[in-house]
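Following: one structure in structure tokens, then a few remarks.
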Amino acid sequence: MPILQKFLEHWVRPALFFGNNPLSLAGGAITTASGVTMIGHWVVELLGHRSDNPYLGIIFFLILPALFVLGLLLIPFGMLQRRKKLQKEGHIPAEFPKIDLNDRVFRHGIDIVLIATIANLLVVSIASYRGASYMDSPQFCGQSCHVMHPEYSAYQVSSHSHVDCVQCHIGEGARSYFEAKLNGTKQLIEVSLRPVSGMAPRLIPTYPTPIPSPVMNLRPARDICEGCHTPARFIGEKLLVKSSFADDETNTETQSVVVLHLGGRDSLSNLHGIHGVHLGHIEYITTDETRTTIPWVQRRNADGSETVYAAASLKGTEPQGERRLMDCIDCHNRAAHTMQTAEDALNRAMVEGAVSAELPWIHKKSLELLKADYSTETEAREKIPAQLEAFYRTEHPDVFAAKANLIKSSGDGLVYIFTHNAFPEMKLTWGTHPNHIGHVSYPGCFRCHDGDHTAKNGEAITQDCAACHNLLAVDEKKPKVLQDLGIVAP
């Protein structure tokens, strides 16, 4: 009891005495409230209850940990301020409380402080780890910031939806992490300070609409794509079947069948196909940020020599622009964020049954509705199904009466197509972001294989279709090759 009494007298009472100030009291309240709330949330998560709301993540993983640390800092700061004030006024001696490591009571006090410090450090460490993990999650990247809604929508339906954003956009190491968070802070300021409609413009620049593709800032494909894919290995051929529907009453379905020569390197280290010919020894100069315009190409030959192919407009000069060694990203530039054309998206939806091919004229009417002008996503969600329903009610009442459910589900399918590819508020519409794979909807391969790129000896970059693919069928109904393979019925 004497030890306890001495401890209370020499440590607890001074602590309470110094801590009896607005700053320390506020700090204690903030730390206690935020700490209890965080720990409670962690327990709820451990029990399997999770929320998809991104703003709850911001509160529990970012804001509350910051408040917890702020409260911890306010407590000693307030105590020191009060101690200085009392010393200045002469209410306490200059050395108070007295520090004496030979005093057992003092050592017990140190033990308590160490235990409390370890507990606080444990909470801060867990909170910091959870906060860093949350900021690296696709949910944080795509949902907490509304301007990323287009990219997140495309990402969710891509073949890379299981790959975290940071694996491609940040990379490993403290420098990459710091640069990414610094850039994210800049974007946060831009979004927060964007002028509201009707208000005077602000001096600080705001985010662009649409958000430009960050292809110029991506890390090399060897650090991204080749972590999972190995394009240099010999892959061989790939059979591609693409269905399309006509703008006639029966929505006539046809297929195109292509064999892609993906190639790579075979056992003899010879170069073959698309990957083998293009990767590792082709350099080019592009003069625009989307890398759509490529007037200059240089190939490194097997004997070490180099051949330059230049557009006729250059007249023998080397253009100013970005010079880079070709890798996966130069063709697969929208691998995880593909914005489809209206035609491609509709054809795919009709193959999958999301938009019913049983409805007469559905292909033609759907394209008309998808390509109409809508000022907001909400307007598109309302008008597309309503106008599709009105079309069949007025133009084809018999179909409307017999297939009302198909009309409704097709309207929902069209809304899904629009809301995953066009975003009016961000000024992102069909074709805003070019996809360099292929050459049907965008220049793609024809950026170089256009017949205009020639070497000094007159040799041009090949336009031979068979160099990259063979067309087995083009817009045919039930192509024989697919019947022979058993893919379609005779």
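Listing for the model above:
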{"quantity": "Scan of segment 393-421 for residues that are surrounded by 16 or more Cβ atoms within 10 Å (Cβ to Cβ) and of a type in the set (A, V, I, L, M, F, W, C), ordered by number", "calculated": "VAL399, PHE400, LEU406, ILE407, LEU414, VAL415, ILE417, PHE418"}
{"quantity": "Members of segment 375-392 that are within 11 Å of VAL415 (Cβ to Cβ) and surrounded by 14 or more Cβ atoms within 10 Å (Cβ to Cβ)", "calculated": "GLU377, ALA380, ARG381, LYS383, ILE384, PRO385, LEU388"}
{"quantity": "Qualifying residue in segment 468-490 (condition: without any contact (Cβ under 8 Å) to a residue 12 or more places away in the chain, among the hydrophobic types (A, V, I, L, M, F, W, C), in a loop (DSSP other than H, G, I, E, B) and farther than 22 Å from HIS332 by Cβ)", "calculated": "yes"}
{"quantity": "Condition check for ALA180: surrounded by 16 or more Cβ atoms within 10 Å (Cβ to Cβ) and at pLDDT below 80", "calculated": "yes"}
{"quantity": "Neighbours by Cβ (under 6 Å, 6+ apart or cross-chain): first from segment 283-308, hydrophobic (A, V, I, L, M, F, W, C); second open to solvent by 50 Å² or more (accessible area, probe 1.4 Å) and part of a strand (DSSP E or B)", "calculated": "ILE285/ARG323"}
{"quantity": "Members of segment 296-318 that are open to solvent by less than 30 Å² (accessible area, probe 1.4 Å) and over 11 Å from TYR284 (Cα atoms)", "calculated": "THR307, ALA311, LEU314"}
{"quantity": "In segment 422-436, the residues that are aromatic (Phe, Trp, Tyr) and either crowded, with 21+ Cβ neighbours inside 10 Å or assigned to a strand (DSSP E or B) (or both)", "calculated": "PHE423"}
{"quantity": "In segment 271-295, residue nearest to PRO212 (Cα to Cα) [restricted to those that are charged (D, E, K, R) and open to solvent by 50 Å² or more (accessible area, probe 1.4 Å)]", "calculated": "GLU289"}
{"quantity": "Residues of segment 457-480 satisfying the condition of being over 21 Å from HIS275 (Cβ atoms) and charged (D, E, K, R)", "calculated": "GLU459, ASP475, GLU476, LYS477, LYS478, LYS480"}
{"quantity": "Selected residue (criterion: farthest from the chain's Cα centre (by Cα)) from residues of segment 61-92 that are closer than 14 Å to MET135 by Cα and touching a residue at least 24 places away in the same chain (Cβ under 8 Å)", "calculated": "PRO65"}
{"quantity": "Wholly enclosed helices (runs of 4 or more DSSP H) of segment 4-92 bearing at least 3 residues open to solvent by 30 Å² or more (accessible area, probe 1.4 Å) and at pLDDT 85 or above", "calculated": "22-46, 64-89"}
{"quantity": "Test: residue in segment 446-455 that is in a helix (DSSP H, G or I), more than 28 Å from ALA342 (Cα to Cα) and open to solvent by 40 Å² or more (accessible area, probe 1.4 Å)", "calculated": "no"}
{"quantity": "First in segment 157-170 and over 14 Å from ASN217 (Cα atoms), second anywhere and open to solvent by 30 Å² or more (accessible area, probe 1.4 Å) and part of a loop (DSSP other than H, G, I, E, B), Cβ under 7 Å, 6 or more apart", "calculated": "VAL157/HIS420; SER158/HIS337; SER158/THR338; HIS160/ALA335; ASP164/ASP136"}
{"quantity": "Residues of segment 357-382 that turn out to be more than 23 Å from THR252 (Cα to Cα), part of a helix (DSSP H, G or I) and in contact with a helix residue (DSSP H, G or I) (Cβ under 8 Å, 6 or more places away or on another chain), as a count", "calculated": "4"}
{"quantity": "Residues satisfying the stated conditions in segment 291-312, i.e. of a type in the set (Ser, Thr, Tyr) and closer than 26 Å to LYS238 by Cβ", "calculated": "THR292"}
{"quantity": "Complete set of residues in segment 326-356 that are over 28 Å from GLU226 (Cα atoms), assigned to a loop (DSSP other than H, G, I, E, B) and open to solvent by 40 Å² or more (accessible area, probe 1.4 Å)", "calculated": "GLY353, ALA354"}
{"quantity": "Restricting segment 215-248 to residues that are outside any loop (DSSP other than H, G, I, E, B), farther than 19 Å from ILE274 by Cβ and not aliphatic (A, V, I, L, M), the residue that is most open to solvent (accessible area, probe 1.4 Å)", "calculated": "ASN217"}
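The values are calculated or read from the model by the stated rules, or taken from the named source; none is laboratory data. Predicted model only: the values in this text are computed from it and were never measured. Glycine gets a Cβ as well: all are built from the backbone with ideal geometry, and neighbour counts include every protein chain shown. Just the protein is used for accessible areas: all its heavy atoms, side chains included, with ligands, DNA and RNA removed. Shrake-Rupley method; radii C 1.70, N 1.55, O 1.52, S 1.80 Å.
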